[in-house]
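Notes for the one structure printed next.
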């Protein structure tokens, strides 16, 4: 098997892991096992996986509350991710963060942030450290299209442009800011036009083909790492579920949704590429069975784990030696 084909198979496996994990998380939510909000990444898998393939393990990633896919792409344990959604002590942050606040220091995944646009200045800060300390790491910062109208967006890009920071801002334009189409939230069809105001490079493309995502993001990463400064990348995508589990998605037609599923499903596209490249159907099916078993194991692990402990709250929320 060629290196390129091997990479595609590896990326498809991670995309399928994200897809099935999210589907089972939705099922668990409907069963009352997941509390709070649950924002699913279904339909956007190629972005997280392609972007991950474009960076090094020593680079940093920071993202929004739609963070499960990014965490799994970075290498976070499916068990620990699912346990966090279940609010269990074995979760990524001991069950205290839940769906919107995944954090994995080991894999340099710095959140999961619920405040829309609030994490962009944080990404600029992480990138500033790299520049100040003359370190070679790059920071990827994922954001939604709705965040491009938020103050933190402009603050983060302004700092990144001023200091030529090694950061790549990846706008996952899934066409609806919660439930409002882009045409009703911004006068610009092309959001990368905003990059010029801060001296950033820009790129814009469809994000359903994981290979395309990897190659285009890699260009921005190489620019950042070589001292060429930050880039605003707009990746056009489409989420197949509502904004969150509480969103029935009535603002779009069933016909529109089915059309995107038919022509723009990133998992189906990657799978079809594998078949077209000569990978046997049974080989792909075996890979999918492995993923199914891994996801089932993560659900069982989360089910059987102990709930978040009060002692964790005390340890992480209060200074050492204080009493409650």
- Message: For the chain, what are Rg and Dmax over the alpha carbons, in angstrom?
- Response: 19.4, 64
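Could you list 113, 107, 39, 68 so that the one with the fewest beta carbons within 10 Å of its beta carbon is first and the one with the most is last?
Working: 113 25, 107 18, 39 21, 68 29.
In order of increasing Cβ crowding within 10 Å: 107, 39, 113, 68.
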- Within 10 Å of each residue's Cβ, count the other Cβ atoms and sort 15, 245, 133, 82 from fewest upward. 133, 245, 15, 82
- What Rg and what Dmax come out for the range 174-319 when only alpha-carbon atoms are used, in angstroms? 20.9, 58
- Added length on full extension, which subtracts the Cα-Cα distance from 0.36 nm per residue, residue 297 to residue 162: 43.9 nm
- Note on the structure: Ranked from fewest to most other Cβ atoms within 10 Å of their own Cβ, 58, 63, 180 fall in the order 58, 180, 63
- Message: Take residue 219 and residue 261, extend 7 Å from each Cα along the Cα→Cβ direction, and tell me the distance between the two endpoints in nm.
- Response: 3.3 nm
- Message: Just to verify a number: FRET efficiency for residue 205 and residue 7, C-beta to C-beta distance, R0 = 25 Å, to 0.05?
- Response: 0.85
- Got a sec? Which residues in the range 5-42 would a label at residue 247 touch, if it sits 7 Å along Cα→Cβ and we count backbone N under 14 Å? 37-42
- Task: Give me the number: length gained by fully extending residue 89 to residue 272, i.e. 0.36 nm times residue separation minus the C-alpha to C-alpha distance, one decimal in nm.
- Result: 62.0 nm
- Cβ-Cβ FRET estimate between residue 26 and residue 155, R0 fixed at 25 Å, reported to 0.05: 0.15
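Only the coordinates and a few stated rules stand behind these numbers; no lab work does. This structure is a prediction, so every number in the text was calculated from the model and none was measured. Quick reminder, even Gly has a Cβ in these numbers, built from the backbone with ideal geometry, and neighbours come from all protein chains shown.
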